[in-house]
Structure formats: structure tokens, C-alpha cells
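Take a look at the structure set out below.
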Amino acid sequence: MGESIVKKKLVPLLLAAAMLVGFSSCARIDVQGEIEKKPPAGESAKSTALTVMDDVVPQPMYEEGGVSYGFRTAGKYFERYNGSEFEKFYAVGVNIGSGKPNGFPGEMSISREEYLKWLEEIAAMNANSIRIYTVLSPDFYDAFYIYNRSHEKKLYLFQGCWLDETILAEHGDAYMTLDEAKRDIKDLIDIFHGNANIQPRTGHASGVYTRDISNYVAGWIMGIEPDADMVTATNENNPDKTSYDGEYLTCENVQPFETFWCELGDYALSYEDRSYRTQRMVSFTNWPSADVMSHPDEPLFEMEDKVSLNVEDLREGEKFKPGLFASYHIYSYYPNFMFEDEKYKNYVDKEGNINTYRAYLEDLIQYHTCPVLVAEFGLPVSRGITHRNPLTEFNQGGLTEVEQGEKLVDMFQDIRETGYAGALLFIWQDEWFKRTWNTMEYNNEERRPFWCDVQTCEQHFGLMEFVSVENGPTPVIDGRAEEWTDNELMLECENGAKVYAKTDSTYFYLMVKDENADFDGPGNQLYFDISPAHGGEVFQGMPLSRAADFILSINGKDETRILVHEFSDIYHYLFGEQDPFVSEAIAASEDKFVPIYLILDRAMYLPYSDKTIPVQRRETGLLRYGISDKESSSYDSLADFCYKGGVFEARIPWQLLGFRDPSRKEIQGDFAETGELGGVFIDEIAIGLVTPDGDQGSAAFTWNNWEYAETEERLRESYYIIRNYLAEETD
């Protein structure tokens, strides 16, 4: 999650390879001229002068023995200096990623103008903190400076230091990333103090950094989620590195990976103290897979409960003033011990509900004496589901925007009430470049940022989404025909029925207009000839005018679904040997058109309970009836189709029609024949209509390729739910 490693591994090294990396009415920004957008590559950035508001007081710093700091740990909480004394500071906010549509995060394509707008919206949500994962462009730090020097209400930064995922994918040894991590830390400290000129490197931020934001950096959260393979390789390759005697952090008789932590943190403290006489709180990224407890019913023990790391194995030297804190990414649906562990799955909260998340939070906090920050937690609103918590339905995907907001509020409350030092949501903006273990082989990895895959959960954690607008207004799925035009008419049938089609970078849209149709029952189907290599020529005993790869079978509000021909069924190809249920379904199907599934978990053995859980799957081709009109009181962000009278409308995710990259019309190749996954490029598809009177014919349809997806930003309903909750919590 987050700028973090993929939560499920197909092979050990795949995990390491997957690592990444409306304005508030109170705005008081006075910039001489407009804030300029990031210049094209090769052009120098123009400086933007800021008129600092005289009555906006910077975050004060506490001076002690010639060292300054604004935040410190105190027992299990943080404290912030207010100019006269330290007061309790509960960190609440969001993580901000470095990607947006049409680019990978290393391209640093987010402008200062965009960052500043986001900071305004985050502050308006009643947050006080943000977190970033690595060195960002000067645009971010400029925007962060501008925001804080023009607002009384501050935002504070938890800064990350990334580890080189290329080295980790090859060697798995964290020590081999140490030199580059130290270089990034040095750069970041100079950036904090407005004193950096970073030369260009592929996939890294660069530029001149002149804004002194050091007063607003609350602390470090170094490193990445430490998976078992990385920790084990680091320990085995460095058996003599069990102690470190630094000026600020020390450790003795610990794991080599913890010694790596110690050396990294000590370097940061030492460099900033020597160079700027400043210190700040320090932590290291951790997660339940490497927590300090044992989880005997974890089915993936070798990956998710093999190692334990504890920041409290490090010791603070006398020269270190602000203090250490623990930092965990804690989600409700993974690892599986979150809902399989006996002490979690039987936990009942004060409302009388099973609450496995709170049970884990209570368990973890008791093992720490220092502050513990939940640095990531979140729930995605993707259509596709990747993991499911069967006891609470706090799932990785399949939630509406309202459900996302309400459940996140519940998690906020659990985190605060169980004694944590703060909670940072994952994440501010959707990230189209992301992949998820159960769909990553369905698409072209080099083209992910150029279209929106609603089947891939990692792309849809954001409180802010990017809405596709390249082909004009998005069709509203509400069973009304008014917004469809003759330009979108693709098929006129002899019985008077008409089929319309439209696309954007998120969906394939369809409307059937047939005054005589009864969409409440069976008998109406749309069929799609996508692949030139194969397809089924008969469906439910009726010959089709084209060999079809997919069928949209309309059968009322609860049984309307997309079916796939066996030769195009990638689920069966990838997981059929593990899931005999699907193979049996294909064998039993006369026409070889079967439901479309997503795998949620492979079959797993629970060692403590001595039982095996079969493959977990979900019929993702089953469509959801609802209205997609965001202005409607009946708005359903997961709505797939709607019909009223003789009008049927649907929006179909590109993945459900076998597309690897719709921006270039790339579909799945003939994997059933070749035994290999890969793409094939096509020029058009054909769509046909079947009614109770028979096949009404088909017609070709195509669209223009795109290299840039036009989008607009939109705050989800969850944003407003969380904003209202945080307003009450901070009153």
C-alpha cells in the first residue's frame, strides 16, 4: 500500500521489485504574479517571489544547548513547541504520493500549483500533518513553504527516505542501499534548510531548493516496509553487524537489519546537528508482517510472520533530544492473521461488533513504551477487490465512497482511542501507475499511468480521484437517453433497437434503446468480438453473427453480468490449477461462456487451527445496478448499469473486456494457444445485439488512441465525511 511494496508475492523477488516508490476560504497567499507551472524539460524554473504575511508567525523552535527542535516525544505521544512550552500534538493527516495520471512517480510531474491546491484542501479537511516517501521536486517544497508562511493553521511534514528497490530486487540486502540512502538524507536535510542544488538523476528529483521549511518538518520515517526476504538477507549477509555506537543512536546485540536502521538514523541526526544545529524525531517504516508479536495462525508464515523488528531495540544517546517513535502501516484486511488469529477474530468492541482492527491495535500498542504512529491506513474504492476481511468487510476494494469515508472514520476512532500518537491516511490522490498482485498480469506495466483501471485496488485509495474527460462529459449511468447523441450511435437494428457506444480512459460506455425490451428478465444480450484469434459462435443455443469473446447478459437488477469465452478467460489460465471450481464450470458450460472471477486468496493452510482454506474468489463480472450521477441522492460510486423503461446504460471497466492497454487498443494475446501472456494490437472491435427475437446483427466500433488522458480532479464523498469527523475531534 502506499508508496510501498505489494502486499502479496508471487515469487520472493517480485515483492522487492514492486516497491516504489476547492481552495479554502481562509487562504492568504500573496504571490507576485501567478504561481507558475513546472517548465518543460530543459527549461529553467522561474522563481516566484512570496510576500510573507507579517502577522503569520512561523512555527517556533525550542533552543536547548545550542540545538533547536520544534517537536519531541513525551511518553506515548508527540509534543509541539508553541513558543512558550511544549503541548500535546496528535498527528492527523494524509500521505501524499508523487504520481498522477500520464506519468510514473519518478517523473515528478506534479506542479507547485497542484501541490499548493492539495495542501489547501488537506488543511480544509482539518488535518495537521502530511507524509511523503522520498525526495520530491522543488515544486513540492515551494508549495509547502508558501502554504505555511501564509496560513496561521500549519501543516507539518513527516519525511521519508526511500531505499533503492533495484538493488533490493537483485540482492535483498538493505546495507547495499546504505550509501545512496545517506546521500538522499543529506540532500533532504539541505532541502529542509533551503540549501540544496541536486543534479539530475533518472527517476529522482532534482533542482535548486531555496525554501527553508525546517521548522515545519516534524520527523523522519525512514525506509520501506521490511519484508521477510529483505530482513533475512540483510541479517545473513552481515552477521557481524549487531551493534552500532553512534553519537545520537546506539544499539547492541540486535539484528543486523536493526543496526542498519540505527546507522541510518544516527547519520541523519549527526549531519543536521553539525550543519544546522537542528534535530527532529526519528522513526523507521514497519508493518504487521514484521511486528514484535507472534501470530501462530498466519498461513503465509514465511512471508508474513517470520521476522520481528522493534525500534525500541535502538537506544537514544544523550545528544539526541527529540526522541524515537515507532511507525507502522496497519490495514484491516492483510496479513490474514488480522482476521484468522483467535484473539482478534473473537474481539467485540463497545458497540457490540466484531472488530479485528481494534483488537490488533490494542495488542500492538502494549508492546511499546514510545509513541506509535499509524503512518498508513486506508481502504480503496476500487471496483475490484484484492483482499477481504470476512468478519468486518473492511476490504481492500469493493467499497462505495460513502462506505470508504464511514469505515475510515471508524478506523480513525479506533486508532485514537487505543492510545496511538497519530494517524495518517493512505492516500491523498489516486495513483494510476500502481499494480496489485491479482491483476498485475492482466495489463501492460509500461502503460498503466495512461488509463484508469478500476479493477486494480491500489489505484483507488485516494480521497481525491482523477475523472476522465478526454471525450467530453462522462455519460451518467441513470437509465436516461438524453445525453447520448447520434455521433455515438453505432448500430441500428431492423426491430428498431439502437446501440450507442462511447469510451474514455476509464470505461467503455454502452446504451441500448429498445422500446420493446424487458430488461427485468433474460433474453437481451450484447456480444463483443474483441480478439481476431478466437471466440464463441453460439450463445445459449443461438448462432451469433460474430465469434464473441465476451457476453453482456442482461437479466434484471441482480443477475446482469459479463461472461467470458473460455479461450479469453485469463483467470482460468492463471489460477485454474489451484481452483478446480472454475475448470468444472467451463466443462459444464455448453457454450463455454463462463463468469469472470478475481482471485482474492490462494488456498492456504492455517497451522495453529490445522485447517485449509480453499481458494477465495469473487465474481467480478457480476454487474451492480445503480446510478452514477454524483449529484443524485441515490449516487452509487460502484454503479455499473441502470435501466428504465426501454433504455439500458452500462459502463464496463476495460479489464472486463480483456484490454491490457485501451490507450493503444492492446488486448490479451492468444494465451490459451501459446501458453504465454502478452499483448496483441487491434484496430476495432465488433458489438452485436441479441433480443428474444434473435440476433439483431453487429457493427464495428473504434476510438482514437491517446498518449495523454485528460482528467479533472474531484474530491470523493469520503473526503467530506472525514472532514466533518475531524472538525468534531478538533473542536
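Counting pairs of Cα atoms in segment 382-454, how many percent are more than 19 Å apart?
On the way: 1246 of 2628 pairs.
Of all Cα-Cα distances in segment 382-454, 47 percent exceed 19 Å.
Tell me whether segment 60-107 comes out rounded, prolate or oblate; compute the Cα gyration tensor, take square roots of the eigenvalues as a ≥ b ≥ c, and use a/c under 1.5 as the rounded threshold. Write down the numbers at each step before the final one.
Details: a/c = 3.76, a/b = 2.30, b/c = 1.64.
Prolate, since a/c reaches 1.5 and a/b exceeds b/c.
From the protein chains alone at 1.4 Å, what is the descending order of accessible area for Trp118, Trp484, largest first? Please list the in-between numbers first.
Values: Trp118 0, Trp484 20 Å².
Final ranking, largest accessible area leading: Trp484, Trp118.
Considering only Cys457, Asn487, Thr474, the residue lying farthest towards the positive end of the dipole of segment 451-497 is Cys457, judged by Cα position with unit charges set on Cβ.
Hey, if we sort Arg435, Arg201, Arg664, Arg480 by accessible area with the 1.4 Å probe, largest down, what's the order?
Numbers: Arg435 45, Arg201 65, Arg664 95, Arg480 120 Å².
The ordering from most to least exposed comes out as Arg480, Arg664, Arg201, Arg435.
Note on segment 162-292: Cα convex hull, mean projected area over all directions, 8.5 nm². Taking all Cα pairs closer than 8 Å and separated by 6 or more residues, the relative contact order of segment 208-266 comes to 26 percent.
Once Rh for segment 63-164 is found with the Kirkwood sum over Cα pairs, what is the Stokes-Einstein diffusion coefficient at 37 °C and 0.692 mPa s, in µm²/s? If you can, show how the numbers build up before the last one.
Working: Rh = 15.2 Å.
After rounding, the answer is 216 µm²/s.
Per the Kirkwood treatment, what hydrodynamic radius in Å, one decimal, follows for segment 154-238 from the mean inverse distance over all distinct Cα pairs?
Working: mean 1/r = 0.0701 Å⁻¹.
Evaluated on segment 154-238, it is 14.3 Å.
Rounded to the nearest 20, the Cβ-based charge dipole of the chain about its Cα centre (Lys and Arg +1, Asp and Glu -1) stands at 1380 debye. Ignoring lysines fewer than eight residues from Lys557 along the same chain, the ones with Cα atoms less than 19 angstrom from its Cα are Lys513, Lys644. For the residue pairs Lys76/Lys319; Lys88/Lys321; Lys343/Lys611; Lys117/Lys434; Lys117/Lys153, the alpha carbons lie more than 19 Å apart in Lys76/Lys319; Lys117/Lys434. Could you tell me which label, among (1) 51; (2) 44; (3) 37, carries the value of percent of Cα pairs over 39 Å apart calculated for this structure? Calculated percent of Cα pairs over 39 Å apart: the matching label is (3).
Protection proxy ranking of 608-621, 498-511, 526-539, by the mean of other Cβ atoms within 10 Å over each peptide's residues and highest first, is 498-511, 526-539, 608-621. Please list, in order, the residues from segment 377-394 whose amide nitrogen is less than 19 Å from a point placed 7 Å along the Cα→Cβ vector of Lys611. What the label zone holds, given the 19 Å backbone N cut-off, is 388-393. Sort segment 691-730 into rounded, prolate or oblate with this rule: let a ≥ b ≥ c be the square roots of the eigenvalues of the Cα gyration tensor; rounded if a/c is under 1.5, and if a/c is not under 1.5, prolate when a/b is larger than b/c, oblate otherwise. Here segment 691-730 falls in the oblate category. Computed over segment 442-505, the range of Cα coordinates on each principal axis works out to 44, 25, 18 Å, biggest value leading. Classify segment 130-192 as rounded, prolate or oblate, taking a ≥ b ≥ c as the square roots of the eigenvalues of its Cα gyration tensor: rounded when a/c is under 1.5, otherwise prolate if a/b is larger than b/c and oblate if not. Here segment 130-192 falls in the prolate category.
When both segment 61-79 and segment 218-254 are represented by their alpha-carbon centers, they are found 25 Å apart.
What order do you get for 578-586, 557-565 when each peptide is scored by the mean count of other beta carbon atoms within 10 Å, highest first?
Values: 578-586: 15.0, 557-565: 20.0.
Descending mean neighbour count gives 557-565, 578-586.
Taking a sphere under 15 Å around the Cβ of Glu87 and counting the other residues whose Cβ falls inside, with K and R at +1 and D and E at -1, yields a net charge of +2.
Return one quarter of the surface area of the convex hull spanned by the alpha-carbon atoms of segment 323-399, equal to its mean projected area, in nm².
For the Cα atoms of segment 323-399, the hull's average projected area reads 5.7 nm².
Mind listing which GluC sites (Glu not before Pro) in segment 325-373 are in a DSSP loop and have 15 or fewer other Cβ atoms within 10 Å? Each step should come with its number before you reach the end.
Details: sites: Glu340, Glu342, Glu351, Glu362; in loops: Glu351.
Passing both the DSSP loop test and the Cβ count: Glu351.
The local environment of Ala672, defined by Cβ-Cβ distances under 9 Å, has a net charge of -4 under the rule Lys, Arg +1 and Asp, Glu -1.
A crude spin-label estimate for the pair Asn353 and Val680, with each label 7 Å from Cα along the Cβ direction, gives 4.8 nm.
The values are calculated or read from the model by the stated rules, or taken from the named source; none is laboratory data. No experiment lies behind these values; they were computed from the predicted model shown. Methodologically, a virtual Cβ is constructed for each residue, glycine included, from the backbone with ideal geometry; neighbour enumeration extends over all protein chains shown. The accessibility values were calculated without ligands, DNA or RNA, using every heavy atom of the protein model including side chains. Shrake-Rupley method; radii C 1.70, N 1.55, O 1.52, S 1.80 Å.
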